[in-house]
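Contents: one structure, followed by commentary.
The values are calculated or read from the model by the stated rules, or taken from the named source; none is laboratory data. Treat the numbers as computed from the prediction; the structure is a model and nothing was measured. We place every Cβ from the backbone using ideal geometry, glycine too, and count neighbours over all the protein chains shown.
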């Protein structure tokens, strides 16, 4: 079997960020990020970098190891797609119908200290910024689904894994840039612009969730037959 060419790998490289970024929607997490980091440039840079590292580990781990974890517990991929799609759709519906920030976002704002220590940056970079606001259950489920498409042949699997990691890196780079420049983005959008953008992204996310559910349900129907 011949090794995949660059032309074959490029679509796979692009499909990872195209699939994950609408679900992650780093713009929706930018207000929480700013509420945690404050306006100090050094704190913003350190927190954005740590969140990016955390997200990269979650995405890569889910794509490369997630399928084997599911096999260990006897969970099929269609079930994961349906469950992940439900989580994504539920999150999108909550974003569409909510008139105020959710409990996690409000808790972050209430708990914001005047300055963040290094230990606080490391701690809050994972919860709640990385999980569940940025790389939540829906993102993990989608990452596992992407990893399940990797070929089983060793050579092709290695090439596919490299492309998947590169795609995850591109995704994380976008997350880092959005969070790193969250102050400018939020100032330019304004409160009304941010609200409109959140509603549009929530609708797109709802459509993605329904699509994931439909795909998983179709696969379950085929298995039943």
Item to check | Qualifying residue in the stretch 152-161 (condition: part of a helix (DSSP H, G or I) and closer than 15 Å to residue 139 by Cα) | outcome: no
Checklist entry - Taking the condition buried (at least 19 other Cβ atoms within 10 Å of the Cβ), in a helix (DSSP H, G or I) and at pLDDT below 80, does residue 167 pass? => result no
Checklist entry - Assuming residue 168 fulfils every condition listed in (1) more than 19 Å from residue 71 (Cα to Cα); (2) without any contact (Cβ under 8 Å) to a residue 12 or more places away in the chain apart from one, which condition is it? => result (2)
Next on the checklist: Just checking: which of the helices (runs of 4 or more DSSP H) contained wholly in the stretch 1-114 hold 1 or more residues that are modelled with pLDDT of 75 or more and touching a helix residue (DSSP H, G or I) at 6+ places or on another chain (Cβ under 6 Å)?
Outcome noted: 6-24, 26-37, 41-73, 77-97
Next on the checklist: Within the stretch 145-163, take every residue that is farther than 18 Å from residue 77 by Cα and touching a helix residue (DSSP H, G or I) at 6+ places or on another chain (Cβ under 9 Å) and give me the one that is surrounded by the fewest Cβ atoms within 10 Å (Cβ to Cβ).
Outcome noted: 162
Item to check | Among the residues listed as 62, 76, 43, the single one being buried (at least 18 other Cβ atoms within 10 Å of the Cβ) and over 16 Å from residue 169 (Cα atoms) | outcome: 43
Checklist entry - Applying the selection to the stretch 187-206, what residues are free of Cβ contacts under 8 Å to residues at least 40 places away in the same chain, surrounded by 14 or more Cβ atoms within 10 Å (Cβ to Cβ) and within 20 Å of the chain's Cα centre (by Cα)? => result none
Next on the checklist: Take the conditions assigned to a helix (DSSP H, G or I), at pLDDT 85 or above and more than 19 Å from the chain's Cα centre (by Cα) and apply them to residue 184. Does it pass?
Outcome noted: yes
